[in-house]
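Below is one structure, written out as structure tokens; the observations come after it.
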Amino acid sequence: MANVKIENVVKRYSNVQVMHGVDVDIEDGEFVVLVGPSGCGKSTLLRMLAGLEEISDGTISIGGRVVNDVIPKDRDIAMVFQSYALYPHKTVFDNIGFPLKMAKQPDSVIKEKVTKAAEVLDLDHLLDRYPKQLSGGQRQRVAMGRAIVRDPQVFLFDEPLSNLDAKLRVTMRVEIKELHQRLGTTIVYVTHDQIEAMTMADKIVVMRDGRVEQIGSPLDLYDHPKNVFVAGFIGSPSMNFVHGTIAVKDGKKVFLSDHGLELPVPENNARTNQAVTYGIRPEHIQVGDQGVPMKVVVVEPTGSETQVFAKSGPELIDALVKDRISAKPGSELCYMIDPANVHLFDRETEQRI
Amino acid sequence: MRSNKLGWILLAPTLLILFFFGVLPFVYVVFVSFHQWNPFAASPEMIFNGADNFRRIVFDSAFLNSLGVTVAFVLFAVISEVIIGYMLAQAFMREFPGKAFFRTIHTLPLIMAPIIVGSVWKLMTTPSIGIIPHYLDKWFGISMNIGTSAPAAFFTIVVMDIWHWTPLVTLTLIAALVSLPRDPFEQAQIDGANKRQIFWHITLPMIAPALIATVFIRLMDALRTVDEVWMLTGGGPGSSTRFLGVHIFKEVFPKTNYGYGSTISVIVLYLTIVVCWLLYVSMLAPRNNRKG
């Protein structure tokens, strides 16, 4: 187990700079998720941690040791690839035992450790099979087995669940989380799926275009997004944004959208006449028969909750309702907003006010 | 049913050609191999002599000599071609200035007819006019004469074959290497394998099917090499480079001994099949069995 320090890391491919001074501190035993849209540099950062990509500038240290020039095998890390990267010509046993064999461990030790890992991952009946004879979930577990037999200081996961179907993804999510709780090893996990990030992480690092946008616990990011990007990226369904300005009405600050919709705002530092982006999460819009009227456009019932898309004046509002509602497209509903749930961002800088 | 019939109709031309130019001549050669037949001799009749030809072959020292020389040649040539071909393929996997040019140049020997290769190498190796003996003498003080020295003749043929056929190995191995996924190699680096271990544990097993196919092709080709050798040494000096192909050629054409020549051909074919089968069984079959 070890802490990981990423300090001012820069990555350049010839003249193109793709990573612009990234700083991340990862505590010993922490489960950290790097999340962001594709092309944001999260996988590159992970590969730099693994030693598969060179670091152009800055330092990466694992367990207090700077590893910039240390080759992958000497970094004491294990990695699980999105493709699982199993050796197609080796059996499950040989796949899992490969790192131990390379470390010149005696056969008896290899057998013992592989058998133990296989039991943990429920692979014991598959040890003689070849990767092509396994299902996606089983392959995924073999890749994890190969990682855990090494007992590394840090686990690196590169979108390990994205090739699985939705149901299996949920199962494996729980298994990985459980594994982390049992082993207590530091984990750095890359995903583009913000639900995975929210459910698994102790700490989330949101990235965009080779920069860190915000680092924090899942609920911290959900409650206090630093900017419009994080606010829109974290949370599902994603936050409603309305552009407008802060105005004063009856001596109270209100939000007035560009199209004239008036909404309540919390007491904060927003200046009168400041151009802002108004953010409200769908689940924080209380739909009922009092408040601001809106006209239903689409209703998406999922059983446990109902998503309502409605026009409030000219603005399209997305609301998530816990109860089942019988609204039809075209019918009228009302909604209320608790100012405490509102997020205000400066329209120019997109930063939280 | 209709599509089945159409399938046979579409296949018919190929099957007919295969039958007339492949199966029929083969059956005929097998048939002739059980006969004594010298169509240009005083008695040109085909006389059935049972397994006499096959019995004769076992005690035929000229044939056994040819067999030995051929096996030595195949071992030297094919092993060198595979090793050099693999190294070249790995080199061509990297980026370097002029790569496209070198890759084109390096495949040029492949498009030359064996008979041309033989005559060019004859020019290059003939004492007094050849460039190779000239510089060997000038730089190293070695006198080389493939007309009188058996080892010189033998190894010149080996080198010529390597020069001619290594590009084939390189090309197939490049194709195999390019199609390999990248992740297992990165995974192996993380798993603690060094370059040598990655080669033995990952690269080699993953390109094995392509490698074995290439070895098969080269093996079968090398076992029936005739033209280059015929042009370069004519099987000499003595019988030191009288490979099986050359031996059969000499038996059939100058001696017009069609019956016995056919017998040797059948035996060579049989040996080729046995060698390839052994290779296949030893290298591929264990994996397939374990998979089952």
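The values are calculated or read from the model by the stated rules, or taken from the named source; none is laboratory data. Since we're looking at a predicted model, the values are computed, not measured. Glycine also receives a Cβ, built like all others from the backbone with ideal geometry; neighbour counts cover every protein chain displayed.
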- [ ] Examine segment B:52-69 for a residue that is modelled with pLDDT under 90 and over 30 Å from B:Ala150 (Cβ atoms), and state whether such a residue exists.
- [x] yes
Task: Of all residues making up segment A:101-128, the number that are at the interface with chain B (Cβ under 9 Å from one of its Cβ atoms) and either within 33 Å of the chain's Cα centre (by Cα) or within 28 Å of A:Val190 (Cβ to Cβ) (or both) - done: 3
Task: Number of positions in segment B:77-122 that are of a type in the set (D, E, K, R) and either in contact with a Ser or Thr (Cβ under 8 Å, 6 or more places away or on another chain) or surrounded by 15 or more Cβ atoms within 10 Å (Cβ to Cβ) (or both) - done: 3
Task: A:Arg129 being under 30 Å from A:Gly64 (Cα atoms) and among the basic types (Lys, Arg) - done: no
Open item on the list: Pairs please, first residue from segment A:93-106 and under 14 Å from A:Leu134 (Cβ atoms), second anywhere and part of a helix (DSSP H, G or I), Cβ atoms under 6 Å, 6+ apart in sequence or on different chains.
Closed with: A:Phe93/A:Val114; A:Asn95/A:Val142; A:Asn95/A:Arg146; A:Ile96/A:Val114; A:Ile96/A:Ala117; A:Ile96/A:Gly145; A:Ile96/A:Arg146
Task: Condition met for B:Arg242 (among the basic types (Lys, Arg) and outside any helix (DSSP H, G or I)) - done: yes
- [ ] Only strands (runs of 3 or more DSSP E) wholly contained in segment A:239-353 count here; list those with 1 or more residues that are out of contact with any Leu (no Cβ under 9 Å at 6 or more places or on another chain) and surrounded by 15 or more Cβ atoms within 10 Å (Cβ to Cβ).
- [x] A:240-249, A:252-257, A:262-264, A:285-288, A:292-301, A:315-321, A:332-337, A:343-346
Open item on the list: For the structure I just gave you, tell me whether A:Val67 is within 13 Å of chain B (Cβ to nearest Cβ) and under 17 Å from B:Gly192 (Cα atoms).
Closed with: yes
TODO: Looking only at segment A:71-78, decide whether some residue is within 12 Å of chain B (Cβ to nearest Cβ) and within 13 Å of A:Met144 (Cβ to Cβ).
DONE: yes
Task: Verdict on B:Phe21 being over 31 Å from the mean Cα position of the chain (by Cα), under 27 Å from B:Val268 (Cβ atoms) and without any contact (Cβ under 8 Å) to a residue 60 or more places away in the chain - done: no
Open item on the list: Quick check on this structure: which one of B:Met112, B:Met220, B:Met124 is free of Cβ contacts under 8 Å to residues at least 12 places away in the same chain, hydrophobic (A, V, I, L, M, F, W, C) and under 30 Å from B:Val252 (Cα atoms)?
Closed with: B:Met124
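Residue by residue, here is whether (1) more than 14 Å from chain A (Cβ to nearest Cβ); (2) without any contact (Cβ under 8 Å) to a residue 40 or more places away in the chain; (3) within 15 Å of the chain's Cα centre (by Cα) holds:
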| residue | (1), (2), (3) |
| --- | --- |
| B:Gly235 | yes, yes, no |
| B:Ser240 | yes, no, no |
| B:Lys250 | yes, yes, no |
| B:Tyr258 | yes, no, no |
| B:Cys276 | yes, no, yes |
- [ ] Report, by residue number, each residue of segment B:180-213 that is without any contact (Cβ under 8 Å) to a residue 40 or more places away in the chain and either touching a strand residue (DSSP E or B) at 6+ places or on another chain (Cβ under 6 Å) or more than 9 Å from every other protein chain (Cβ to nearest Cβ) (or both).
- [x] B:Leu180, B:Ile190, B:Lys195, B:Arg196, B:Ile198, B:Phe199, B:Trp200, B:Thr203, B:Leu204, B:Ile207, B:Ala210
- [ ] Could you name every one of the strands (runs of 3 or more DSSP E) located completely within segment A:181-226 that has at least 1 residues being out of contact with any strand residue (DSSP E or B) (no Cβ under 6 Å at 6 or more places or on another chain) and farther than 21 Å from A:Val154 by Cα?
- [x] A:203-208
Task: Failed item in (1) surrounded by 15 or more Cβ atoms within 10 Å (Cβ to Cβ); (2) farther than 23 Å from A:Glu283 by Cβ, with A:Met198 passing the rest - done: (2)
